[in-house]
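All of the numbers you see were taken from the coordinates with simple rules; none came from a lab. Model, not experiment: these values are computed from the prediction. All Cβ positions, even for glycine, are placed from backbone atoms using ideal geometry, and neighbour counts span all protein chains on display.
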Amino acid sequence: MAMDVLLPIFVAVPLAASAIAVLLPWRLIRDILHIIVPFAGIFAGIWLFAHTAEHGPIAHNVGLYVGGVAIPFAADTFSAIMLITTSIVAVAANWFATIVGETRARFYPALTLMLITGVNGALLTADLFNFFVFIEVMLLPSYGLIAMTGTWARLASGRIFVLVNLSASTLLVAGVGIVYGVIGSVNIAALQDVVEGNPLVASAMGIVVIAIAVKAGVFPVHTWLPRTYPGTSAAVMGLFSGLHTKVAVYMLYRIWVHIFDMDPTWNWLIVAFMVISMLVGGFAGLAENSIRRVLAYQMVNGMPFILIMMAFTSDDPQRALAAGLLYTLHHMITIAALVLTSGAIEETYGTGMLSKLSGLARREPVVAAVFAAGAFSVVGFPPFSGMWGKALILLEIARVGNIAAWIAIAAIIIASLGALLSMIRVWREVFWGGAMHQRGVSPQLRISPAKIAPALSLIILSVGMFIFAGPLIDATLTATDGLLNTDAYQQAVLGENAIGVPSPSYQGGN
Amino acid sequence: MILALTVAILFGGGVYLIQQRGMVRIVFGMSLIGHAANLTILYAGVPTWRGEAFPDRTPLTDAADPLPQAFVLTAIVIAMATTTIMLALAALGRSDDTRSIEPDDDQSPLTTSARSVTNPTDQEDKA
């Protein structure tokens, strides 16, 4: 039996589990279900990684239609490593949600499972229109989750979140339609290298890329992110931080390698936007008033570090993209850990406002240590995953060594300094200062160990990613090797006798 | 040409409506933009009038391209679901979209922070 028939299972299992979670009347079983399904996803992802590393990319056409007109699922080592990491973040966020009582809302587990369905589907699809469909599968439960719990502001955040994402999705589907109109296919494998010398397709793909950039939260379309994520509860923000934006990053990498063929024409454009984006993200956090608002700007700060690597692929694309991928994995783990730490503080002390918290370093040594570790990691200090992430990005940019590279390196260092200042500000306001019981807080009140356990596990994982950087970097190199092996991907998706594939000389138009 | 003009009018109307303050108007605006996008997709695949996409009834040279129609069908279903969610959001809470009565985050009556603690911190000094 060929292994490719197992690919739709990555979508089918969480989807079925979501339906079961709607029906089950027992909270305990629902809680177990929404943790165990992503937990199984970690091991399924590891199996997929091992399999694709050994045998090359695999693909399955639903209904066994011929390549080019089928609904394709495809996996290479790059999608496998993203599957593993999104599953890890989902496990931690759902574990935290269960502990703090978020799952008292009956449909919470069902919605998170549906969200995981969409993420797995978006990571495994080889078709732009199906990518849109799975993005919607991912977003519809998110619309529910974001307005489910949180402060009063969640209703306003919910509206912004729905409207921004709906506008971006509409733009995405219109872009996909125009791509189909000009070139006659939306299959990523069939669209391989069509942009070069074909301005019509370049403009159509540009619409798609802009729509995905909105979802990735990069300048100038980042403003929705820090205004919506902090309004919802910490468990939901932890889930979103690891899943939503990173799916967009994954797709931008895939489009860049497969469809744009890493065309250096666009390098300056990428560098310009990413440099502004990282500076805005680095320093805007200084003006925010709650822990999670600062963290939301750390997300805006982190995303361009990943995406700027697309502009420095001319010398050694495998290592450049691997550096970006390593930073992606680190960023997902670290931001989720920080958000869940903030969640543990909020769920115990009733507020995440910087002005209302102080002196936590004496009261809560473990929580303070976890937060400090996360702050070190997100800024890029050892002994945490962020150090290798940033070091490799800088080394790979320096390898190219042109003017854009030096501008990018300078911006990364200045933006990291901004991130450091933001984190120091949170540390000073929340963890230093006078004791809380002077402000009417009971001296016995403590954050229970169960609440900090999910964040602690993620930070231990981050330390592990620092210590075992060798095998991890090898894994990211294997992953980007799979991503760059576009011919094998095309072969796997389209098969022997594909139809509807645009010929290389076709210039499009009706 | 008429199709392109229709798309332009729908898009313009949608953009105007989502700049209004009330959520229900924004919902209408998003619906118009959704229709504009759907017509764009249709236009991408069906530049002129074509027959139905059934090979036994229409010769393949005259048949329409079924794929954009399938795209649009999927997009319409998704747009309907999101419209429902947005209408639910419009009905939630008070009439805050026309009057701004937003309390601070930390004094919110709907706050769910610290729900797992028996003695929340901030409640005492407010009460």
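Observations on the structure shown:
- R0 of 60 Å, Cβ-Cβ distance B:Leu87-A:Ala398: FRET efficiency to nearest 0.05: 0.70
- The protein assembly as shown - Rg and Dmax from Cα coordinates, angstrom: 24.2, 84
- Cα convex hull of the range A:231-379 - mean projected area over all directions, nm²: 9.1 nm²
- Counting, for every residue in A:74-82, the Cβ atoms of other protein chains within 10 Å of its Cβ and taking the mean gives 0.
- Inter-label distance for B:Ala8 and A:Ile424, nm, one decimal - labels placed 7 Å from Cα along Cα-to-Cβ: 5.6 nm
- Tail weight of P(r) past 28 Å, computed on alpha-carbon pairs of the range A:50-190, percent: 30 percent
- Applying 1/(1 + (r/R0)^6) with R0 = 35 Å to the Cβ-Cβ distance of B:Thr74 and A:Arg362 gives a FRET efficiency near 0.05.
- Estimated FRET transfer efficiency when R0 is 41 angstrom, pair B:Tyr16-A:Ile276 (beta carbons, to 0.05): 0.85
- For chain A, the longest principal axis of the C-alpha atoms and the axis of helix A:365-379 are separated by about 30°.
- Peptides ranked, highest mean first, by Cβ atoms within 10 Å: ranges A:478-485, B:73-80: A:478-485, B:73-80
- Across the range A:465-470, rounded Karplus estimates of 3J(HN,Hα) from the backbone phi angles (6.51 cos²θ - 1.76 cosθ + 1.60, θ = phi - 60°) give 5, 6, 5, 9, 5, x Hz, Gly and Pro being marked x.
- Bins of 10 Å from zero: percent of alpha-carbon pairs in the range A:297-447: 11, 37, 26, 15, 8, 2
- Taking every residue in A:173-186 and counting other chain Cβ atoms within 10 Å of its Cβ, the average works out to 5.
- For the range A:388-468, chymotrypsin sites (Phe, Trp or Tyr not before Pro) meeting the loop criterion (DSSP other than H, G, I, E, B) and having at most 15 other Cβ atoms within 10 Å: A:Trp432, A:Phe468.
- Across chain A, Cα pairs under 8 Å and at least six residues apart give a relative contact order of 20 percent.
- Descending principal axes extents, the range B:2-96, alpha-carbon based, whole Å: 58, 25, 13
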